[in-house]
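Student: Below is the structure I would like to discuss, written out as structure tokens.
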There are 2 protein chains.
Amino acid sequence: MTRPTVHDVANEAGVSLATVDRVLNGRPGVRAQTVKRVQTAVSKLGYVRDTYAANLARQREYRFAVLLPQGPSQFVDTLKEALTEACAAHAADRISAQVFSIPLNDPHRVVRELRALQATPLDGVAIMTTETPQVRDAILRLKSAGVPVVALVADLPSSSRDYFVGTDSISAGRTAGFLLGRFLKGVSGEILVVTPSMLARDSIERRLGFDAVIARDFPGLRVLPSVETHADPDRTHAVIARAAETYREIAGIYSMGAGNGPLLEALRANRLTEGRALIVHELTPATRQALLNGDVDAVIGQNIGHLVRSTLRILRAKCDNTPIYEAQERIRIDIVTRENLP
Amino acid sequence: MTRPTVHDVANEAGVSLATVDRVLNGRPGVRAQTVKRVQTAVSKLGYVRDTYAANLARQREYRFAVLLPQGPSQFVDTLKEALTEACAAHAADRISAQVFSIPLNDPHRVVRELRALQATPLDGVAIMTTETPQVRDAILRLKSAGVPVVALVADLPSSSRDYFVGTDSISAGRTAGFLLGRFLKGVSGEILVVTPSMLARDSIERRLGFDAVIARDFPGLRVLPSVETHADPDRTHAVIARAAETYREIAGIYSMGAGNGPLLEALRANRLTEGRALIVHELTPATRQALLNGDVDAVIGQNIGHLVRSTLRILRAKCDNTPIYEAQERIRIDIVTRENLP
DNA sequence: CTTTACTTGAGGTACGTTCCTCATTTACGC
DNA sequence: GCGTAAATGAGGAACGTACCTCAAGTAAAG
């Protein structure tokens, strides 16, 4: 009738409470045969550990650090905000997270920050950065200190991160390609692709996916070489002006990365928004505005709130060594238009 | 340093533990002035009730009932599956949910089911059905028995439901309209709209949103009167065959409701999928397949997993009288294409 | 001043788990 | 069969909250 407890399991297995405890918590000093007996009893009774009691007894606290890139970025700002909100909501669950800003182009300072972290008591790290050998080493060091590490937004596949929370960049690029192609059905012309830097892994991957779909399904469209803004407003204006002059048959524009505020300004200044299909990444105040006024047709995004909550849940699961509920953690590629704006 | 407890609050406020307890749990017998003292202490110390300890002490169990419409529906099946999965994941949190099937076209049986529920111990109800006076009364009865009720997928706005978990049908229709319009840019022709029944509230609302967007932004498209399938495969084939004969300029098709498996068969049989834009609702095995083979261009969906988890969280919050974390509970309108299929 | 109702304090038990200590039993190699 | 190590049992304290009882206090009404 009522929920079985450890006592019931002990009874059922014909062992003492202490032994059940040893088995349940993976402590040593129990014969394999006895372990099996307990496990049988557990599954027979359908015993599930009461997380409330467990967490209370264990006096567990989760102190996480979240490392986000420095510098002005509406996307990172949104992320930070969502994190603060989620932390407030999880205070009752003994989860706290502190945000650290790390400079983008100084791998040594990243490492220094990561090292500094180790001084404080720390139960998990989420990090959004580009992968360098130094970062890789630093993560390895964290890991061997027993601190779980998850990569946030951008994956660090060659590092020993425990998990990646974010969307698949290739699929995101493919989705952009599909939408742009469908929006330009029957049209032939050029596609201008804009990115902060072609060196970033996710830019490369998005471009890969984008090109693959356009090449296969939309032969009328010619994808131009990527234009790089280096996340610099002045440079953005300059390269867009040049592109507007150079290419006369631009039918669609795909912005692969951050810095959409300045980019949109530059496009408007060069009359490149009118009558063209435009797809950008990440829902921010700037891109939301552009959706509403019709400059942007679709935003490829990821649910920031979900991203953050998922990160916290995964770090927690890694700390406790509990299984991760994959279906809940998969970050979907959101397509946002003027009409389904959240 | 460490998290404040009730003891700390008692100390800070200069009252006893019992008084703090009375205030925190809204029990009577405390002077307004003392209440204020305690509240001040709480906010000064930043005290947050430890949910683990609280739930443990309170021996809370959450027994929910979920009422879903009977009959063959891939959407409902998916929902049921997600629910089972979520329940398994939440067993540790003392949450359990039992699914009941209710017949769609028999309001009296719905009421009977709802009445029967009251016999068993019950902490919350989620219900997906169409609104009738009988349902309205039954919900009112549940409510006055102190059982929180949330409407699932389809809202019951004139009933006294505590919350609606689902997407806004008007926006969903607008999104479909926008996409279909954009996919058919420059094309002029007719739009075939298919629905199980024009009597259902969500069909009406979707159509409303759809028409509004097409009328405003895509004057080249003429939306035809809705064709009703009554969720019957034979009838579906019949009406589609008739439509294929009657209308010779169908450029796009919008399916507003369930029954997409038979509908897609009928469309293929009448060669209505080729070269036309097609948008349907709800991601199911049938629509997923159709996305992959190119028959369907986009699916307007809702994240079923999120829907279910959100429902459980909201019922739980209603039981405990805790605030609802709105941002997390808003169900987005998903646009699913071949390339961002989850 | 007494009565009465309301307010507060003090102290306890319970929830199910974790983690600890110490005693006892069992198994196995010599 | 003895010694040693491994396995198991028994019991208890702690975690922070909820909820209960009973006593003691205070204030207002009579």
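Quick note: the coordinates plus some simple rules give every number you see, no bench work behind them. This is a predicted model, so every value here is computed, not measured. When we count neighbours, we look across all protein chains shown, and the Cβ atoms used for this are built from the backbone with ideal geometry, even at glycine.
Student: What are the ³J(HN,Hα) values, in whole Hz, obtained from phi via the Karplus relation 6.51 cos²θ - 1.76 cosθ + 1.60 with θ = phi - 60°, for each residue of the stretch A:331-342 in sequence order, with x given for Gly and Pro?
Tutor: 8, 7, 8, 7, 10, 10, 10, 4, 8, 10, 4, x
Student: OK, next. Determine the gain in length on full extension of the stretch B:Gln289-B:Ala54; use 0.36 nm per residue of separation and subtract their C-alpha separation, reporting nm with one decimal.
Tutor: Answer, rounded to one decimal: 79.9 nm.
Student: What FRET efficiency do you get for A:Asp217 and A:Ala88 if R0 is 41 Å and r is their Cβ-Cβ distance, rounded to the nearest 0.05?
Tutor: Values: r = 45 Å, r/R0 = 1.10.
For A:Asp217 and A:Ala88, the calculated efficiency is 0.35.
Student: Related question: Considering only the label points, 7 Å along Cα→Cβ from Cα, what distances in nm to one decimal separate A:Pro285 from the same position in each other copy, shortest first?
Tutor: Label-point separations across copies, in nm and ascending: 4.8.
Student: Under a Cβ-Cβ cut-off of 13 Å, what is the net charge of the residues other than B:Ala238 that fall near it, where Lys and Arg count +1 and Asp and Glu count -1? Let's see the in-between values first.
Tutor: On the way: positive: B:Arg235, B:Arg242; negative: B:Glu228, B:Asp232, B:Asp234, B:Glu245, B:Glu265.
The answer is -3.
Student: With only alpha-carbon atoms in the gyration tensor, what are the semi-axes of the equivalent ellipsoid for the protein assembly as shown, in Å, largest first? Before the final figure, lay out the partial values.
Tutor: On the way: eigenvalues 402, 267, 111 Å².
Gyration-tensor ellipsoid for the protein assembly as shown: 45, 37, 24 Å.
Student: Still on this structure, please answer the following. By DSSP, what percent of the beta bridges with both residues in the protein assembly as shown are antiparallel, rounded to the nearest 5?
Tutor: Values: 6 of 75 bridges.
Counting only bridges with both partners in the protein assembly as shown, antiparallel ones make up about 10 percent.
Student: Further question: What is the diffusion coefficient of the stretch B:287-340 in µm²/s, taking the Kirkwood radius over Cα pairs and the Stokes-Einstein relation at 4 °C with a viscosity of 1.567 mPa s? Show your work: numbers first, answer last.
Tutor: On the way: Rh = 12.9 Å.
This corresponds to a translational diffusion coefficient of 100 µm²/s.
Student: Show me the helices of chain B, taken as full DSSP H stretches, that run 18 Å or more along their long axis by Cα and average 0.0 or above in Kyte-Doolittle hydropathy.
Tutor: Numbers: long enough: B:32-45 (20 Å, -0.11); B:74-90 (24 Å, 0.11); B:169-183 (21 Å, 0.59); B:201-217 (24 Å, -0.58); B:233-246 (20 Å, -0.45); B:304-320 (24 Å, 0.17).
The answer, listed by residue number, is B:74-90, B:169-183, B:304-320.
Student: Under 30 Å Cα to Cα from B:Lys185, which lysines show up? Leave out anything in the same chain fewer than 8 places away.
Tutor: Once the sequence-local lysines are set aside, what remains near B:Lys185 is A:Lys185.
Student: What residues qualify as long-range amide H neighbours of A:Val99, i.e. H under 5 Å apart, gap of 5 or more or another chain, H built at 1.01 Å from N?
Tutor: Under 5 Å from the amide H of A:Val99 lie the amide H atoms of A:Val66, each far enough along the sequence or on another chain.
Student: Could you give the dipole magnitude of the protein assembly as shown about its Cα centre, charging the beta-carbon of Lys and Arg +1 and that of Asp and Glu -1, in debye to the nearest 20? Provide the component values of the computation, followed by the final result.
Tutor: On the way: 84 positive and 74 negative charges, 360 e Å.
The calculated dipole for the protein assembly as shown is roughly 1740 debye.
Student: Size of the dipole of chain A about the Cα centre, Lys and Arg at +1 and Asp and Glu at -1 on the beta carbon, nothing else charged, in debye to 20?
Tutor: 1160 debye
Student: For A:Arg222, which inter-copy label distances result when the label point lies 7 Å beyond Cα on the Cα-to-Cβ vector, reported in nm to one decimal and in ascending order?
Tutor: Between copies, matching label points for A:Arg222 lie 3.9 nm apart.
Student: I would also like to ask the following. Under 20 Å from the Cα of A:Lys143, which aspartates and glutamates turn up, not counting those fewer than eight places away in the same chain?
Tutor: Correct list for A:Lys143: A:Glu61, A:Glu113, A:Asp123, A:Glu131, A:Asp155, A:Asp162, A:Asp320.
Student: Right, another one. What are the extents of the Cα atoms of chain A along their three principal axes, in Å, largest first?
Tutor: Extents along the principal axes: 82, 44, 32 Å.
Student: Please list, ordered by chain and number, the residues whose modelled amide H lies under 5 Å from the amide H of A:Thr129; skip anything fewer than 5 residues away on the same chain.
Tutor: A:Leu152, A:Ala154
Student: Give me the orientation-averaged projected area of the Cα convex hull of the stretch B:1-62, in nm², one decimal.
Tutor: Details: hull surface 18.6 nm².
Answer in nm², one decimal: 4.7.
Student: Note down the magnitude of the dipole of the stretch B:4-59 about its Cα centre, charges +1 on Lys and Arg C-beta and -1 on Asp and Glu C-beta and zero elsewhere, to the nearest 20 debye. It would help to have the intermediate numbers written out before the result.
Tutor: On the way: 8 positive and 4 negative charges, 53 e Å.
It works out to roughly 260 debye.
Student: Tell me the distances, shortest first, between B:Glu85 and the same position across the other copies, using label points 7 Å along Cα→Cβ, in nm to one decimal.
Tutor: Label-point separations across copies, in nm and ascending: 2.5.
Student: With both partners inside chain B, how many of the DSSP beta bridges are antiparallel, as a percent to the nearest 5? Intermediate results must be reported in sequence, preceding the final value.
Tutor: Values: 3 of 38 bridges.
In chain B, DSSP labels about 10 percent of beta bridges as antiparallel.
Student: Check the straight Cα-Cα distances from B:Lys36 and name the lysines below 26 Å, setting aside those fewer than 8 residues away within the same chain.
Tutor: In chain and number order, the partners are B:Lys44, B:Lys318.
Student: Take the Cα atoms of the stretch B:207-310, find their three principal axes, and give me the spread along each one in whole Å, biggest first.
Tutor: 45, 34, 26
Student: Here is a further query. Please name whichever of B:Gln33, B:Phe100, B:Val6 sits farthest to the positive end of the charge dipole of the stretch B:1-124, dipole taken about the Cα centre and charges placed at Cβ: Lys and Arg +1, Asp and Glu -1.
Tutor: It is B:Gln33, whose Cα lies furthest towards the positive end.
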